[in-house]
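Have a look at the structure below before the remarks.
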Amino acid sequence: MSEQPQVHPVRDEFAANAWADKAQYEAMYQRSIEDPQAFWAEQAERLEWIKTPTRIKNTSFDRDNVDIRWFEDGELNVAANCLDRHLAHRGGETAIIWEGDDPADSRHITYAELYERTNQVANALKEMGVGKGDTVTLYMPMVPEAAMAMLACARIGAVHSVIFGGFSPDAIAQRVVGAQSRVIITADESVRGGKHVPLKDNVDAALTRDGTDVCEHVMVVKRTGGDIDWHDHRDTWFHTMVDKQALECPAETMNAEDPLFILYTSGSTGAPKGLKHTTGGYLTYASMTHQYVFDYKPGEVFWCTADVGWITGHSYIVYGPLANGGTTLMFEGVPTYPSHGRIGEIVDKHQVNILYTAPTAIRALMAHGDETMHSSHRDSLRLLGTVGEPINPEAWEWFYRVVGKERCPIVDTWWQTENGGIMIAPLPGAIDLKPGSATKPFFGVRPAVMDSDGNVLEGQAEGNLVILDSWPGQARSIWGDHERFVNTYFSTYDGVYFTGDGCRRDTDGDYWITGRVDDVLNVSGHRMGTAEIESALVAHDAVAEAAVVGYPHDIKGQGIYIYVTLTDDYEASDELKKELIQQVRKDIGPIASPDVIQWAPSLPKTRSGKIMRRILRKIAANECDGLGDISTLADPSVVDELIEHRANR
Ligand code: WTA
């Protein structure tokens, strides 16, 4: 590292009132590593257990026996922890503030109300025959019913699988079949930025695909009253089904290692993986990270702008804040509607104290200039956070200066769907901030930097980010495919969890995440596998071969750049480009819309036929001078042709 990064030291006033100052962080961190059994036994006390666990950590990362168990003899119920235990003290306090897409629409839901409604949804699910261990798929807008449905599943021991509302019917079908869900909860339409998205139509289309006849019931939240088709044998309105139910539903006793949810995410190969998260460890970790990383204090309004369809929404809209008895804001719309000032206006309207968002959203606002923030004061803000992708220092500084008015620390939080909760982030009362660095590990997390031969590098270093030992929030397996879990995360290097990210560690021991080192893209903070996009493309008759790479994009972080080789029967045309874009949107969803398609008469391959993506990435990034050694290519002239017709110059 040549240049010194700018440092924003912890402020004394902040540290004085924080859950952890520097000394506390260091002492707790050390204890969490030296004596995880005792540390996590104490931390488990933050939850209410039906049976207190006595066996705390029993985990193996050994590739021949990957087996992860936390609190394995403990029993608890997640919904009871998020709702019931708060009723006595804060039953009348707001659990969820819902802000609709339309700024005139908002609602406050108290803990008592959320408790009753969740119980009713739970009873409705039971009436449909859902019980402990059954899976329920949710494909929903950002409405309180989504949180109720998640908690209702947790209450009766059902396993939810939430699918982000931007996925297509094919993607829904794949996940319904993967999870073998007999029940889907959806809405007629969602509303985002004034536009309606036909969720129910998408579910209907999904349920025409092979294997989806496993689904017997579709429960539909009436959000807009828009036109939808109705299938009497399987469709029911959410309100008709739920309103009539009893307000009490006993919380099922769950083992700490019973599954809580499945969440699909993209990897470098094959179809998306359904990660399996379990009960006791996940909730302990979501609750603890929410408290410490965001320095959350009772009574504060916490706003995570993610969608509940992603892990960030699971852990920091629903489970973390509610386990902590907090007030969580759920926003239905998009940050730029009806105007670019919306985020700030929501902060003022609901007196938000902590705002947790994504770099891509920050860059989008920044592109519209400081004036976008003039419609709000944001004096209620105390802390800011980011997640999902590396944040460039310019965006960090803008967020700090303009949005937070130089008063609010920013916690840059690195973690993954697989992790369950935040892994590397500056605890705001303890750790000096460096724009662009996620800084230090959370309690119990043992990151390391490895070279490609599997040597752990010490001190200042650059390489692959791995985690040496288990933490309670981590996914236990891939649903129905433990072997794939082992192969994906524990076989690159034996005995450690491989994150798929590259990083460097500076002389202060701070971590800087440099992005994925595998074939996973991160587009606007959304994870996407290049292999998934390629398989969508080759399904089109015109495509003989396709290679997908990411390239730097000012707002999205990464854009999707596609090289397509056509079959002999097709001619390159703009029309065909549109068709191929449609093809990807249909197969995966609008979130995977390609940015650039370049026609490639052929692709650069090694003599053994392997596509050299390194070269394709460079050309897409317009870095044609640094292509490196191309002498191993079967036909080096292919490269000149691609450079000549590249799109991003
Ligand atoms: C990236 C989101 C840099 C990273 C919670 C990771 C980040 C992937 C950061 C996981 C960050 C997430 N700085 N990169 N603060 N946070 N990432 O599963 O590449 O949707 O592997 O989980 O996002 O994305 P996922």
Practice item. Over all alpha-carbon pairs in the range 362-409, figure out the percentage whose distance exceeds 13 Å. Key: 55
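Just the Kirkwood number for the range 19-148, please: inverse of mean 1/r across all distinct Cα pairs, in Å, one decimal.
That comes to 18.4 Å for the range 19-148.
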Check your understanding: Restricting attention to the range 426-515, which GluC sites (Glu not before Pro) occupy a DSSP loop and are surrounded by at most 11 other Cβ atoms within 10 Å?
Key -> 458
Practice item. Could you tell me which trypsin sites (Lys or Arg not before Pro) in the range 356-435 are loop residues by DSSP with no more than 15 other beta carbons within 10 angstrom of their beta carbon? Key: 405, 407
Check your understanding: Can you pull the percent of the range 1-152's accessible area that's carbon plus sulfur, 1.4 Å probe, other chains left in place?
Key -> 44
**Study point:** Percent of beta bridges antiparallel (DSSP, the range 126-224, rounded to nearest 5)
**Key:** 20
Practice item. Can you send over the solvent-accessible area of residue 135, 1.4 Å probe, protein chains only, in Å² to the nearest 10? Key: 10
Point to revise | P(r) weight above 23 Å for the range 531-649, C-alpha pairs, percent | key: 27
Practice item. Order the peptides 492-499, 545-552, 230-237, 87-94 from the highest to the lowest mean number of other Cβ atoms within 10 Å of their residues. Key: 545-552, 492-499, 87-94, 230-237
Practice item. Tell me what the chain gives for mean residue ellipticity at 222 nm when only DSSP H runs of n ≥ 4 count, each as -39,500 (n - 2.57), the sum divided by the residue total, rounded to 500 deg cm²/dmol. Key: -8000 deg cm²/dmol
Practice item. Calculate the radius of gyration of the Cα atoms of the range 558-618 to one decimal place, then report Dmax, the largest Cα-Cα distance, as a whole number, both in Å. Key: 12.9, 36
Revision key, fill the gap. With DSSP loop assignment and no more than 12 other C-beta atoms within 10 Å, the GluC sites (Glu not before Pro) in the range 230-293 are 248
Check your understanding: Three principal axis extents, largest first, for the C-alpha atoms of the range 430-498, in Å?
Key -> 42, 28, 19
Check your understanding: Any idea what the dipole of the range 2-105 comes to, in debye rounded to 20, about its Cα centre with Lys/Arg Cβ at +1 and Asp/Glu Cβ at -1?
Key -> 440
Check your understanding: Dividing the Cα convex hull volume of the chain by residue count, how many Å³ per residue is that?
Key -> 158
Exercise for review: List the aspartates and glutamates whose Cα lies under 18 Å from the Cα of residue 610, skipping any in the same chain that are fewer than 8 positions away.
Suggested key: 518, 519, 532, 534, 545, 629, 635
Check your understanding: Tell me, what are the semi-axes, in whole angstrom and largest first, of the equivalent ellipsoid of the range 153-236 as set by the roots of 5 times the Cα gyration tensor eigenvalues?
Key -> 20, 15, 14
Revision key, fill the gap. The value for the range 230-283 (convex hull of the alpha-carbon atoms, volume per residue, Å³) is 176
Check your understanding: When the Debye formula is applied to the Cα atoms of the range 587-629, each taken as the same point scatterer, what base-10 log of I(q)/I(0) results at q = 0.17, 0.23, 0.27, 0.34 Å⁻¹?
Key -> -0.63, -0.92, -1.04, -1.18
Review point. Binning every alpha carbon pair distance of the range 135-195 at 10 Å from zero, what are the percents per bin?
Key: 22, 54, 21, 2
Check your understanding: Once the range 478-545 is represented by equal point scatterers at the alpha-carbon sites, with solvent omitted, what log10 I(q)/I(0) does the Debye formula produce at q = 0.14, 0.15 Å⁻¹?
Key -> -0.65, -0.73
Review point. Applying 1/(1 + (r/R0)^6) with R0 = 30 Å to the Cβ-Cβ distance of residue 213 and residue 487, what FRET efficiency is obtained, to the nearest 0.05?
Key: 0.45
Point to revise | the range 1-83: radius of gyration and largest Cα-Cα distance (Dmax), Å | key: 18.3, 54
Review point. Ordering 553, 350 from largest to smallest accessible area (1.4 angstrom probe), what's the sequence?
Key: 553, 350
Practice item. Under 20 Å Cα to Cα from residue 434, which lysines show up? Leave out anything in the same chain fewer than 8 places away. Key: 22, 405
Exercise for review: Express in whole angstrom the spacing between the alpha-carbon centres of the range 243-318 and the range 91-110.
Suggested key: 20
Review point. Which of 596, 221, 19 sits farthest toward the positive end of the charge dipole of the chain, with +1 on the Cβ of Lys and Arg and -1 on the Cβ of Asp and Glu?
Key: 19
Review point. Taking residue 578 as the anchor, which lysines have their alpha carbon closer than 19 Å to its alpha carbon, excluding any fewer than eight residues away along the same chain?
Key: 586
**Study point:** Alpha-carbon Rg with Dmax, taken over the range 70-217, Å
**Key:** 16.4, 50
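Pairs 440/618; 195/349; 222/244; 132/276: which are spaced more than 20 Å apart, C-alpha to C-alpha? Can you show the working numbers first?
Values: 440/618 31 Å; 195/349 23 Å; 222/244 16 Å; 132/276 15 Å.
Cα-Cα > 20 Å for 440/618; 195/349; rest within.
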**Study point:** the chain - share of DSSP beta bridges that are antiparallel (%, nearest 5)
**Key:** 60
Exercise for review: Hey, for a label at residue 453 modelled as a point 7 Å past Cα toward Cβ, could you say which residues of the range 494-534 have their backbone N under 19 Å away?
Suggested key: 494-496
Exercise for review: Per residue of the range 617-623, in order, report the coupling 6.51 cos²θ - 1.76 cosθ + 1.60 (Karplus, θ = phi - 60°) as ³J(HN,Hα) in whole Hz, putting x for Gly and Pro.
Suggested key: 5, 5, 5, 5, 7, 6, 10
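Consider all pairwise Cα distances in the range 509-593 and report the whole-number % of them above 21 Å.
32
On a 1.4 Å probe surface of the protein chains, which of 266, 637 comes out largest in accessible area, and what is the full order?
The ranking, largest first, comes out as 637, 266.
The values are calculated or read from the model by the stated rules, or taken from the named source; none is laboratory data. Since we're looking at a predicted model, the values are computed, not measured. Cβ coordinates were reconstructed from backbone atoms using ideal geometry, including for glycine residues, and neighbour counts include every protein chain displayed. Only protein heavy atoms, including side chains, enter the accessible area calculation; ligands, DNA and RNA are left aside. Shrake-Rupley method; radii C 1.70, N 1.55, O 1.52, S 1.80 Å.
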